[in-house]
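Read through the structure below, which is laid out as structure tokens, and then see the notes.
No lab work stands behind these numbers, since they all come straight from the coordinates. Quick caveat: nothing in here was measured; it's all calculated off a predicted structure. Here the Cβ positions follow ideal geometry from the backbone for every residue, glycine too, while neighbour counts run over all protein chains shown.
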């Protein structure tokens, strides 16, 4: 069975469009790109298209090398910019923490600033990482999380770690296990879980015999095999479990949430 | 079997004493107390005694009600103050997030500021919450964490959540499950774990039949029953597992780490 993520994404997008209309002013997202990579540029093109659809002003700033940090600092100060998106991969020699250090937490629509990550521990989701939030939204749309055993495979800054904090939030109340490349007996963890979230970046990593029947499986992976995009979950898993598709799954909801954050950033700037 | 935490605490204290001597200047810790509670005042007295032993300047500031926030703000600006400790319970009507919002992250020796918590996701332990760090130090002293299944019971801002991030850090590589009051089948999780950390605040909560043989059990609880201090772990657990005692276990290491953070705060202020 495949989980319909398109409807979830559409609903978020509709909310964004309505809010922009009501605000009467257009929030602005700037995407910073520091590498010349055709797949990145094609992604930014689709981002621009979506921004236009939703009534959001959009600008791409191409920079090279270390000037990416200076540009992010400048954008952080610019009053007409509400959200800053930084395209990955980052230029060589720049790491995620350096980027987060120069980015204004008020414009951190991706949810990568340490302060916004730390607020998750306080159960405050000001700007949660978009992908982690997308997983939560999808899960909330298809099950009652309270009491569920959730296994998250992957311990990244943008998915595994923040997602575990978000799923533990009071009211959600999931019991969360985070596994990773050093986990022994991964199958034991996944087979005893009601929900499995896979964010490892390896095509078809999760196989059918690794999940229990009727589990919910969220596929965060985006891999390219023989020129085709596929996820971390083997398609055969959908024969026994409810699975989010790739493409058209988590990614679509993630993009919608990025724009929701841009609107929120504008609102926050208006209300001080 | 009981785990010897005193030796771990002594070693940290020795390191603190040596560093203070080498620095040739005394770091200053100020403890803010906003409630008149005999057990809090007695705790601060022992804190003062320990500070003196280690060569750390120490001051208690008693305030009432809402002025606690103003006082923390003032202390955050004072150049002669390197670390600020805030006694719990907080005065009525004040919550943890408000306190964290006015506290300088550079003087956050308890590790409660969102920025310092968020840095844990980036695997940077600048000022980790002292109790969570104490658990990590104790575990590292008695086992190889990599590949271990660790269950943490409790999802607090100061223990459960940051501890899970810290145990997942590369190099430590534990597989971490966080359980809490809404977890179904807790025993299944604890019995299949190599390490169980209990931070629920309920006397003798973890019973002997809830852990597997030769497990390592870390008792974070501090409860008072019939005028005597006891932990969250039933003493009978020590017949089958290695357990940290209460008192004289995690708490002692936590206090030593608080002072280590005060020295670190001074060092960081010296090196800009």
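General observations
- Inter-copy label distances at residue B:76 (7 Å, Cα→Cβ; nm, one decimal): 1.7
- Fewest neighbouring Cβ atoms within 10 Å first, the residues B:259, B:127 line up as B:127, B:259.
- Distances between copies of residue A:146, taken at a point 7 Å out from Cα along the Cα→Cβ vector and listed shortest first: 4.2 nm.
- Each other copy holds its own label point for residue B:10; taking that point as 7 Å from Cα along Cα to Cβ, the gaps run 7.0 nm, nearest first.
- Note on chain B: Kirkwood radius taken over Cα pairs, Stokes-Einstein applied at 25 °C and 0.890 mPa s, translational D equal to 128 µm² s⁻¹.
- Degrees separating the helix A:6-23 axis from the principal Cα axis of chain A, which is the longest one: 20 degrees
- Angle between chain B longest axis and helix B:250-270 axis [Cα atoms, degrees, rounded to 10]: 40 degrees
- When the Cα convex hull of region B:1-148 is projected onto planes of every orientation, the mean area is 10.7 nm².
- Taking the helices alone, chain B has a mean residue ellipticity at 222 nm of -12500 deg cm²/dmol, built from -39,500 (n - 2.57) per DSSP H run of at least 4 residues and averaged over all its residues.
- Packing-based exposure ordering (other Cβ within 10 Å, fewest first) of B:110, A:123, B:14, A:13: B:14, A:123, A:13, B:110
- Order of B:143, A:179 - criterion: other Cβ atoms within 10 Å of each residue's Cβ, fewest first: B:143, A:179
- Averaging the Cα positions of each part gives two centres, and for region A:1-63 and region A:222-272 these lie 13 Å apart.
- A crude spin-label estimate for the pair residue B:212 and residue B:269, with each label 7 Å from Cα along the Cβ direction, gives 4.8 nm.
- Convex hull per residue volume in Å³, alpha carbons only, for region B:130-250: 97 Å³
- Listed residues A:176, A:35, A:150, most fluctuating in chain A (Gaussian network, C-alpha, under 10 Å): A:35
- Tilt relative to chain A, helix A:67-77 - C-alpha long axis, 0 to 90 degrees, to 10: 70 degrees
- Descending semi-axes in whole angstrom, ellipsoid equivalent of the protein assembly as shown, from the Cα gyration tensor: 40, 31, 20
- Here region A:24-105 was treated as a single set of alpha-carbon atoms; its pair distances binned every 5 Å from 0 give 3, 15, 27, 23, 19, 10, 3, 0, 0 percent.
- Gyration tensor (alpha-carbon) shape descriptor, region A:1-70, a/c threshold 1.5: oblate
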